[in-house]
Amino acid sequence: MDGTELRTWRQKWGFSQAKLSKTLGVSTMAVAYWEWGRRSIPPLLPLALEALEHRIMKEAGNKEKDNGDLS
């Protein structure tokens with residue numbers, strides 16, 4: 001994963017740099033530096049983002065069930 005891919009992922013899932021940094025427990029500047037290529041992206045970041053995707057999808061599924069939408 002490179003900075004452009006990280007930015008694309010972040011925007012796709014509706015995260016600002018600040019929101020993603022808070023979720024990951026890093027500084028906003030860390031996310032910015034990764035995106036700008038000023039710092040190397042940690043090797044485990046793609047796995048963390050994949051886990052976050054699953055959590056988002058699970059929460060979205062639970063909201064649909066709570067609203068009575070079973071589709």
Subject >> Relative exposure of Arg55, Arg7, judged by other C-beta atoms within 10 Å (fewest first) >> reply: Arg55, Arg7
Original post:
Under a plain spin-label model, where a point goes 7 Å from the Cα along Cα-to-Cβ, how far apart in nm are Thr4 and Ser16?
Top reply: 2.6
Original post:
Taking 0.36 nm per residue of separation and subtracting the Cα-Cα distance, what length does fully extending Met57 through Trp36 add?
Top reply: 4.8 nm
Subject >> Convex hull of Cα atoms in the chain, direction-averaged projection (nm²) >> reply: 5.1
Original post:
What net charge is computed for the residues neighbouring Met1, neighbours being all others with C-beta under 14 Å from the C-beta of Met1, Lys and Arg scored +1, Asp and Glu -1?
Top reply: -1
Original post:
So how many Lys-Lys pairs in the chain land under 22 Å Cα to Cα, not counting same-chain pairs under 8 apart?
Top reply: 6
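Rule-based calculations on the coordinates, nothing more; no lab input. This one's a predicted model, so the numbers in the text were calculated from it and none came from an experiment. So basically every Cβ, Gly included, is an ideal-geometry build from the backbone, and we count neighbours across all protein chains shown.
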